[in-house]
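Undergrad: First the structure, which I've put down as structure tokens, then a few questions once you've had a look.
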Amino acid sequence: MRKLPRVLVVEDEPAIAELIAVNLRHNGFAPTVVFDGEAAQREVDAVLPDVILLDWMLPGQSGVALARQWRKHERTKPVPILMLTARGDEPDKVQGLDAGADDYITKPFSTQELLARIRAVLRRRAPEIVDDAVTVGDLTLDAATYRVSFRGHELKVGPTEFKLLHFLMKHAERVHTRGTLLDRIWGDHVFIEERTVDVHVKRLRESLGEAAAMVETVRGAGYRLTAQGPTRSAAA
């Protein structure tokens with residue numbers, strides 16, 4: 001029997017939580033509902049979910065604080081987090097993404113949109129990986145072993161950033177628009193905004209450390225990965 005994806009729903013409004021859970025069950029997911037951060041942490045400690053739906057406003061510890069906490073630990077770092085928020089302003093959305101959320105959805109939302117976003121983050125968590133290795137300058141990515149290294153030192157890169165880096169390295173020296181990156185990394189998911197690309201590029205650069213200069217911003221066009229970045233820096 002096919003294992004149903006486990007979804008942890010962290011939502012302090014029982015009516016909304018139950019509505020989400022019912023729709024998830026009817027669409028092939030196995031939801032678990034909790035109403036605060038403490039209960040959410042207990043569930044995560046017991047069984048790691050496949051995806052977390054996390055309300056921004058919770059009693060006690062906020063959803064943003066929880067997301068930051070989970071992203072700091074190796075066990076919970078790879079779990080996709082979808083932030084549920086009534087905050088529709090861009091600075092608030094960016095704050096949620098910066099805290100570690102993979103995506104966000106603004107209340108009120110339709111069932112179809114919620115399901116599409118969940119499926120999208122699950123696709124990103126398990127990207128189609130070709131067992132190849134690619135090297136650009138001193139940066140190497142091995143898709144078979146899921147390792148990234150720079151000048152012989154292994155780097156820790158998150159799942160979405162790994163897929164983004166893989167694509168940029170395989171198409172190095174070319175400029176890719178945000179729209180192209182959305183299509184190639186996130187698929188045909190129509191709800192993701194282009195600003196999300198910027199947040200994940202920022203995370204990728206933070207993960208790359210000294211190699212961050214290889215990921216260049218081309219003003220008015222998009223992003224490019226080049227072997228020249230660290231070389232120029234080292235020569236300066």
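The values are calculated or read from the model by the stated rules, or taken from the named source; none is laboratory data. Just so we're clear, the structure is a prediction, and the values are computed from it rather than from any experiment. Cβ coordinates were reconstructed from backbone atoms using ideal geometry, including for glycine residues, and neighbour counts include every protein chain displayed.
Undergrad: Kindly indicate whether any position in the stretch 162-179 is modelled with pLDDT under 85 and part of a helix (DSSP H, G or I).
TA: yes
Undergrad: Could you say which residue among 31, 49, 59 is surrounded by fewer than 20 Cβ atoms within 10 Å (Cβ to Cβ) and either in contact (Cβ under 8 Å) with a residue 12 or more places away in the chain or in a strand (DSSP E or B) (or both)?
TA: Working: 31 fails: surrounded by fewer than 20 Cβ atoms within 10 Å (Cβ to Cβ); 49 fails: surrounded by fewer than 20 Cβ atoms within 10 Å (Cβ to Cβ).
Of 31, 49, 59, the one residue that is surrounded by fewer than 20 Cβ atoms within 10 Å (Cβ to Cβ) and either in contact (Cβ under 8 Å) with a residue 12 or more places away in the chain or in a strand (DSSP E or B) (or both) is 59.
Undergrad: On to the next question. Would you point out the residue of the stretch 144-172, among those that are in contact with a helix residue (DSSP H, G or I) (Cβ under 6 Å, 6 or more places away or on another chain) and farther than 23 Å from residue 76 by Cβ, that is surrounded by the most Cβ atoms within 10 Å (Cβ to Cβ)?
TA: 150
Per-residue answers, yes or no, for (1) basic (Lys, Arg); (2) modelled with pLDDT under 95; (3) under 21 Å from the mean Cα position of the chain (by Cα):
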{"position": "3", "(1), (2), (3)": "yes, yes, no"}
{"position": "7", "(1), (2), (3)": "no, no, yes"}
{"position": "12", "(1), (2), (3)": "no, yes, no"}
{"position": "46", "(1), (2), (3)": "no, yes, no"}
{"position": "71", "(1), (2), (3)": "yes, yes, yes"}
{"position": "77", "(1), (2), (3)": "yes, yes, yes"}
{"position": "83", "(1), (2), (3)": "no, yes, yes"}
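Undergrad: Name every residue in the stretch 143-161 that is part of a loop (DSSP other than H, G, I, E, B) and under 14 Å from residue 200 (Cβ atoms), in order of residue number.
TA: 157, 158
Undergrad: So if I check each of 36, 55, 12, 50, which one is assigned by TED's automatic domain parsing to the domain that holds residue 104, in contact with a Phe, Trp or Tyr (Cβ under 6 Å, 6 or more places away or on another chain) and of a type outside the set (Val, Ile, Thr)?
TA: Testing whether each residue is assigned by TED's automatic domain parsing to the domain that holds residue 104, in contact with a Phe, Trp or Tyr (Cβ under 6 Å, 6 or more places away or on another chain) and of a type outside the set (Val, Ile, Thr) leaves just 12.
Undergrad: Here are the criteria: (1) assigned to a helix (DSSP H, G or I); (2) free of Cβ contacts under 8 Å to residues at least 60 places away in the same chain; (3) surrounded by fewer than 17 Cβ atoms within 10 Å (Cβ to Cβ). Tell me which single one residue 23 does not satisfy.
TA: (2)
Undergrad: Step by step: first the residues of the stretch 205-226, then only those that are of a type outside the set (Phe, Trp, Tyr) and touching a Ser or Thr at 6+ places or on another chain (Cβ under 9 Å), then the one that is farthest from residue 149 (Cα to Cα). Which residue is that?
TA: This residue is 221.
Undergrad: Checking the structure you have, find out if any residue of the stretch 192-209 is touching a Pro at 6+ places or on another chain (Cβ under 7 Å), of a type in the set (A, V, I, L, M) and at pLDDT 90 or above.
TA: At the first step, the residues of the stretch 192-209 found to be touching a Pro at 6+ places or on another chain (Cβ under 7 Å) are none.
Scanning the stretch 192-209, I find no residue that is touching a Pro at 6+ places or on another chain (Cβ under 7 Å), of a type in the set (A, V, I, L, M) and at pLDDT 90 or above, so the answer is no.
Undergrad: Something else now. Quick one: would you say residue 175 is crowded, with 18+ Cβ neighbours inside 10 Å, out of contact with any Pro (no Cβ under 9 Å at 6 or more places or on another chain) and either farther than 17 Å from residue 123 by Cα or of a type in the set (Gly, Ala, Ser) (or both)?
TA: Spelling it out, it is not the case that residue 175 is crowded, with 18+ Cβ neighbours inside 10 Å, out of contact with any Pro (no Cβ under 9 Å at 6 or more places or on another chain) and either farther than 17 Å from residue 123 by Cα or of a type in the set (Gly, Ala, Ser) (or both).
Undergrad: Then there's this: Any idea which residue in the stretch 85-105 is modelled with the lowest pLDDT, counting only those that are crowded, with 16+ Cβ neighbours inside 10 Å, not hydrophobic (A, V, I, L, M, F, W, C) and not in a helix (DSSP H, G or I)?
TA: My answer is 87.
Undergrad: Pick from the stretch 1-20 the residues that are part of a helix (DSSP H, G or I) and touching a helix residue (DSSP H, G or I) at 6+ places or on another chain (Cβ under 9 Å): which of them is surrounded by the fewest Cβ atoms within 10 Å (Cβ to Cβ)?
TA: Restricting to residues being part of a helix (DSSP H, G or I) and touching a helix residue (DSSP H, G or I) at 6+ places or on another chain (Cβ under 9 Å), the top hit is 19.
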